[in-house]
Amino acid sequence: MFQKPGSLSKAAFGVKFDGQQQQQHHGTAAAAAEPAAKRPKNGLPVESVRRELLYLVESHATVVVVGETGCGKTTQIPRFLHEAGWTADGYQVVCTQPRRVAAVSIAQRVADEMGVAVGTTVGYGVRFEDASNQATTRIKYVTDGLLLREMMDDPLLTKYSVIMVDEAHERSLATDTLLGLLKKVQRRRPDLRLVISSATLEVDRLVAFFDSSTVRGKAAAAAAAGGGGAPSRTPAVVSIPGRVYPVQHGARQSSSSSGSSSGRRWRGATGTAVVSIPGRVYPVQVHYLLDNCSDYVQAAVQTVVDIHREDVPGDVLVFLTGQEEVESAVRMLDEEARRLARSRLQYKLMAAPMYAGLPGAQQRLALEPAARGVRKVVVATNIAETSLTIEGIVYVVDCCFVKQRAYNPIVGLESLLVAPTSKASCMQRAGRAGRVRPGHAFRLCTEESWQQLLPKASVPEMQRSDLAGLLLQLKALGIDNIMRFDWLAPPPAEAAVRGLELLHALGALDGDAKLTPSTGTLLAELPLEPQLGAALLAAATRFGCCQELLTLAGMLSVPAVWASPAAVGGKRALEEAKAKFAAAEGDLVAFLNVHRAWLEHGKSHRWSSRNGIHQHGMLRAAEVSQQLCRKLKRMGLDTNSSCEGDVDKVLKAVTAGLFMNAAQFDHTEYDPRASSDAGSNVYRLLRHMQPGRPLKLRIHASSVLARTRPQLLLFLRCQQNDEGWYEMQAVTAVEPDWLTELAPGVFQKL
Ligand code: CDP
Ligand code: MG
């Protein structure tokens, strides 16, 4: 299936591509020449720059750290800072992650390394889950979104002495925004230090961005002039190729904090420095398919089997796009493993899934080293691309696709879309194979397709997201003119306008685009998408069904409440299980049915597993509901109301939030003879009925309404398939009158 490696020597990783790859190649050579005595104690390359790094943090406002994945940035740098005294006097060092699963698992890892329990000295915070303690936690890992939320209570983030923004090159929506906000905070808090970790790709942009702040920032300039620890005329960028600077331990001990607006003990600093961690990476040989495959899950499994049959040691990391693909590949590999167990191979094949919604215990199976004589095959989504390091990987199998957010600015609709990933991301994935020894990466497409179809770099999330939630938060932080905000890269104006329109329609903004005191401020405080938040507020204040909407908000905020098809014995079994809870009104009422039955059965794990319910998801959902409930109470709202079985109340509250996502059955496309789903499952976005090329909407097969097809419905999310269909999920049938009654500004009676 793949070209013979020999014929591909030119395509070998590290030779063929741009500077980044070349650098990796050089890294290898350097590693080979490195004398044993100079090797860092714990073997991680970051140890070798510890002193320089601490010196630069001491003397510069911002330090950009560049280094290969796995060199120890995330796990070690916060600890270095802690050990160097940055967490004295009750201060914390915080490190942000674009992914929740990374924040949790890294905190666990660092706590293990330091011999403490998570939640004590080392903690984490992610949406709806806080494992930290203000009194004892010194190092905290959080999602970028959570730090953004923390700014609403404490805009200057005063409890942190150093903020490390990790994986900045990923350009997630929240990280990009945080960078702009932190730059503003720096001007008010010259004592604050930022450490920003990034892949080589984005370094110049980051340095230019922060450098302009330190030159322009009045407070920062004053701090430098006022005799802070930093020299006032430092060159903006200090690049240190391995030179050792003395660490000035005295600098932080002075209590004269002239220039520091918040009265810190620490001196102000300006300027931006770059630390490049010398890599130790082995070359990775890249293989392409001779012909493109039609089913990359199948092709991935076959490739793993081929690798396994070679019978040489080395674990495998497979990149697929989502949970369903991962689980189906794991199932297929389990079967293959049983078959292969009969052959006389030295190794046993063991497949382990890895994706965002996977419970912690199962994640550890993927992260921990395999037993002797076992070849571990980790089947992952792109969370294993940079945020998580999995040891022992020698082979990478890459489907070259990724599931990501996409945004249609014409209609203002966000969806999840499986699309070819970027060349940069493929190279990153391939690099995962070169950590222990020379490795191999198998790309499941032809070299020609790879060259022609994949974009060079991924598009930042800011360019392909619904911005309503973000804009709402920025408004709450007092940033009114979004287009004049100092962005790393500004969002598309069209998307910003759509976001503002949605917020206006929800009543969160007034005619002058100012936050409304009633809805806007409350909505900004809720850690939910604005539309779901608006439904919850409507339930509490207008429709007397707060309990039900709290339940729903919880269930809709966790990755899954239905078990995976694999757990219940296939797709059909899951459909049968779902049918027991189905409701003519749709998925949301079905969720309420599930919840009621779950309570009636005493939240029993056994009952859940027999009924196709994901117990872990239900428990998490219940926790989320409780947290939201506390939040509403703090806002002074009555949370006790319940609809007592009158589901129309619930549906009206839902309509009050989701009306922009109303879709109407399209009779013109109805074909009574069509036996397949196509042709009779076509919807149109109601607020976009004008002629032209309408969106192709249909109900996702996972919905309990997938077969009944109501005339008018609302959906919470949608996913785009490869034929361009937007498939609606969490779907609910509604009455047309409700739309005109609850969103008169958007829908008028005909
Ligand atoms: O952030 P960076 O990619 O530079 O590396 P890291 O996440 O700090 O990981 C440093 C090293 O810790 C990795 O090379 C792994 O050897 C190890 N590690 C691990 O074994 N298990 C984890 N859950 C996290 C890290
Ligand atoms: Mg990292």
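The values are calculated or read from the model by the stated rules, or taken from the named source; none is laboratory data. This is a predicted model, so every value here is computed, not measured. Quick reminder, even Gly has a Cβ in these numbers, built from the backbone with ideal geometry, and neighbours come from all protein chains shown. The protein model used for the area step is the full one, side chains on, heavy atoms only, and it has no ligands, DNA or RNA in it. Shrake-Rupley method; radii C 1.70, N 1.55, O 1.52, S 1.80 Å.
Filtered by the rule that a residue be under 23 Å from the mean Cα position of the chain (by Cα) and in a loop (DSSP other than H, G, I, E, B), region 102-154 gives GLY119, ARG127, PHE128, SER132. Taken over region 576-591, residues that are in contact with a Leu (Cβ under 9 Å, 6 or more places away or on another chain), assigned to a helix (DSSP H, G or I) and open to solvent by 20 Å² or more (accessible area, probe 1.4 Å) amount to 1. Of all the numbered requirements in (1) surrounded by fewer than 23 Cβ atoms within 10 Å (Cβ to Cβ); (2) more than 16 Å from ligand 2 (Cβ to nearest atom), ASP398 misses one, and that requirement is (1).
The number of residues in region 371-391 that are more than 16 Å from ligand 2 (Cβ to nearest atom) and open to solvent by 30 Å² or more (accessible area, probe 1.4 Å) comes to 4. With respect to the conditions (1) part of a strand (DSSP E or B); (2) over 22 Å from the mean Cα position of the chain (by Cα); (3) not β-branched (Val, Ile, Thr), LEU345 falls short on a single one, namely (1).
Within region 643-658, being assigned to a loop (DSSP other than H, G, I, E, B) and surrounded by fewer than 18 Cβ atoms within 10 Å (Cβ to Cβ) holds for GLU644, GLY645, ASP646.
Looking across SER343, SER328, one residue alone is open to solvent by 20 Å² or more (accessible area, probe 1.4 Å) and farther than 27 Å from HIS700 by Cβ. It is SER343. Scanning region 158-174 for residues that are closer than 28 Å to SER458 by Cβ, away from ligand 2 (no atom under 12 Å from the Cβ) and not in a strand (DSSP E or B) returns ARG171, SER172, LEU173, ALA174. For residues that are more than 22 Å from GLY434 (Cβ to Cβ) and touching a helix residue (DSSP H, G or I) at 6+ places or on another chain (Cβ under 8 Å), tally how many sit in region 310-331. Qualifying residue count, region 310-331: 8. In region 541-552, the residues that are of a type in the set (Val, Ile, Thr) form Cβ pairs under 8 Å with partners that are open to solvent by 10 Å² or more (accessible area, probe 1.4 Å) and outside any helix (DSSP H, G or I), at six or more places apart or across chains, as follows: THR541/LEU637. For region 42-63, taking the residues that are open to solvent by less than 10 Å² (accessible area, probe 1.4 Å) and over 19 Å from ARG189 (Cα atoms), the one that is farthest from ligand 1 (Cβ to nearest atom) is identified as GLU52. THR136 meets all of the listed conditions (1) free of Cβ contacts under 8 Å to residues at least 60 places away in the same chain; (2) open to solvent by 50 Å² or more (accessible area, probe 1.4 Å); (3) in contact with a Phe, Trp or Tyr (Cβ under 7 Å, 6 or more places away or on another chain) but one, namely (3). Evaluating SER675 against the criteria (1) surrounded by fewer than 19 Cβ atoms within 10 Å (Cβ to Cβ); (2) modelled with pLDDT of 95 or more leaves one unmet condition, (2). Here the condition is being within 26 Å of GLU368 (Cα to Cα) and either small (Gly, Ala, Ser) or open to solvent by 40 Å² or more (accessible area, probe 1.4 Å) (or both); of ASP153, ASP130, it holds for ASP130 alone. Of the residues screened, SER449 is one that is in contact (Cβ under 8 Å) with a residue 60 or more places away in the chain, polar (S, T, N, Q) and farther than 26 Å from ARG99 by Cβ. The set of residues in region 420-452 being crowded, with 18+ Cβ neighbours inside 10 Å and hydrophobic (A, V, I, L, M, F, W, C) consists of ALA424, CYS426, MET427, ALA430, ALA433, ALA441, PHE442, LEU444, CYS445, TRP450. Applying the criterion of being part of a helix (DSSP H, G or I), near ligand 1 (Cβ under 6 Å from one of its atoms) and surrounded by 24 or more Cβ atoms within 10 Å (Cβ to Cβ) to the residues of region 69-81, the residue that is farthest from the chain's Cα centre (by Cα) is LYS73. Looking across VAL116, VAL66, VAL101, VAL94, one residue alone is open to solvent by less than 20 Å² (accessible area, probe 1.4 Å), more than 9 Å from ligand 1 (Cβ to nearest atom) and more than 18 Å from GLU129 (Cα to Cα). It is VAL66. On the stretch given as region 709-740, residues that are open to solvent by 50 Å² or more (accessible area, probe 1.4 Å) and either of a type in the set (Lys, Arg) or touching a strand residue (DSSP E or B) at 6+ places or on another chain (Cβ under 6 Å) (or both) total 3.
Return yes when LEU192 is away from ligand 2 (no atom under 16 Å from the Cβ), closer than 19 Å to ALA496 by Cβ and either touching an Asp or Glu at 6+ places or on another chain (Cβ under 8 Å) or not small (Gly, Ala, Ser) (or both) and no when it is not.
No; evaluated as a whole, the condition is false for this residue.
Kindly list, by first and then second residue, each pair from a residue in region 597-620 that is free of Cβ contacts under 8 Å to residues at least 24 places away in the same chain and under 22 Å from GLY360 (Cβ atoms) to a residue that is open to solvent by less than 40 Å² (accessible area, probe 1.4 Å) and of a type in the set (Ser, Thr, Tyr), limited to pairs with Cβ atoms under 9 Å and residues at least 6 apart or on different chains. Close Cβ pairs (under 9 Å, with a partner that is open to solvent by less than 40 Å² (accessible area, probe 1.4 Å) and of a type in the set (Ser, Thr, Tyr)) amount to TRP598/SER604; TRP598/SER608; GLN615/SER604; GLN615/SER608.
Scanning region 592-617 for residues that are on the phi > 0 side of the Ramachandran plot and open to solvent by 80 Å² or more (accessible area, probe 1.4 Å) returns a single hit, LYS603. Counting the residues of region 353-365 that are within 22 Å of PRO313 (Cα to Cα) and surrounded by fewer than 23 Cβ atoms within 10 Å (Cβ to Cβ) gives 2. For VAL63, the conditions (1) part of a helix (DSSP H, G or I); (2) more than 11 Å from ligand 2 (Cβ to nearest atom); (3) out of contact with any Pro (no Cβ under 8 Å at 6 or more places or on another chain) are fulfilled apart from (1). Close Cβ contacts (under 8 Å, 6 or more residues apart or on different chains) running from residues in region 374-399 that are under 18 Å from ALA419 (Cβ atoms) and within 14 Å of ligand 1 (Cβ to nearest atom) to residues that are of a type in the set (D, E, K, R) and assigned to a strand (DSSP E or B) are absent.
Of the helices (runs of 4 or more DSSP H) entirely within region 463-575, those holding at least 1 residues that are surrounded by 23 or more Cβ atoms within 10 Å (Cβ to Cβ) and out of contact with any strand residue (DSSP E or B) (no Cβ under 7 Å at 6 or more places or on another chain) occupy 468-476, 493-505, 519-525, 530-538, 546-556.
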